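J.: Here it is: the structure, laid out below.
The values are calculated or read from the model by the stated rules, or taken from the named source; none is laboratory data. Values in this document were obtained by computation on a predicted structure and should not be read as measured data. These area figures cover heavy atoms from the full protein model, side chains too; ligands, DNA and RNA do not enter into them. Shrake-Rupley method; radii C 1.70, N 1.55, O 1.52, S 1.80 Å.
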Amino acid sequence: MPGTTQEYVEPSVGEKIVGAGETALTIGTGATGGTAGLIGGTLKGLAEQILSGQFGSQEAANLVQKSAMQGAQALTYAPRTQSGQEQVQAVGEVLQNVPP
């Protein structure tokens, strides 16, 4: 509905615990399955673009990148609860500021 605002509700202790578990699952699967999915998606995208004859173009590069991201996302757990999503976002913001 236009004009309505949604009020923030602090998650309960139980929701925070579930969110922490989801955050750990996201980090763990991202580091393992997400990496494998990224590699698999990249290889799949490269093969598709070579077979299509478009390999070497900017469009092909974009499609390979899209395939890689889809592969990584397919093997990375995504939090289902609001608390988990918020905690994963907070961890992501911290990790963006850490040098490689």
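J.: What 222 nm value per residue comes from the helices of the chain, counting each DSSP H run with n ≥ 4 as -39,500 (n - 2.57) and dividing by all residues, nearest 500 deg cm²/dmol?
T.: About -24000 deg cm²/dmol.
J.: Carbon and sulfur: what percent of the chain's accessible surface (1.4 Å probe)?
T.: Accessible surface attributable to carbon and sulfur in the chain totals 64 percent.
J.: Mind jotting down a quarter of the surface of the convex hull over the alpha carbons of the chain, in square nanometres, one decimal?
T.: Hull-based average projected area comes out at 9.8 nm².
J.: In degrees from 0 to 90, rounded to the nearest 10, what is the angle of the helix 82-96 Cα long axis to the longest principal axis of the chain?
T.: The two axes meet at around 60 degrees.
J.: Turning to a different aspect of this structure: Keeping every protein chain present and rolling a 1.4 Å probe, give me the accessible area per residue for the chain in Å².
T.: In whole numbers, the chain has 73 Å² accessible per residue.
J.: Helix 58-74 versus the longest principal axis of the chain: what is the Cα-based angle in degrees, 0 to 90, to the nearest 10?
T.: Orientation of helix 58-74: about 40 degrees from the principal axis.
J.: Still on this structure, please answer the following. Explain nothing, just the number: relative contact order of the chain, from Cα pairs under 8 Å at least 6 residues apart, as a whole percent.
T.: Relative contact order here is 40 percent.
J.: Rolling a 1.4 angstrom probe over the protein chains, ignoring ligands and nucleic acids, what is the accessible area of Val9 in square angstrom, nearest 10?
T.: Accessible surface of Val9 is approximately 110 Å².
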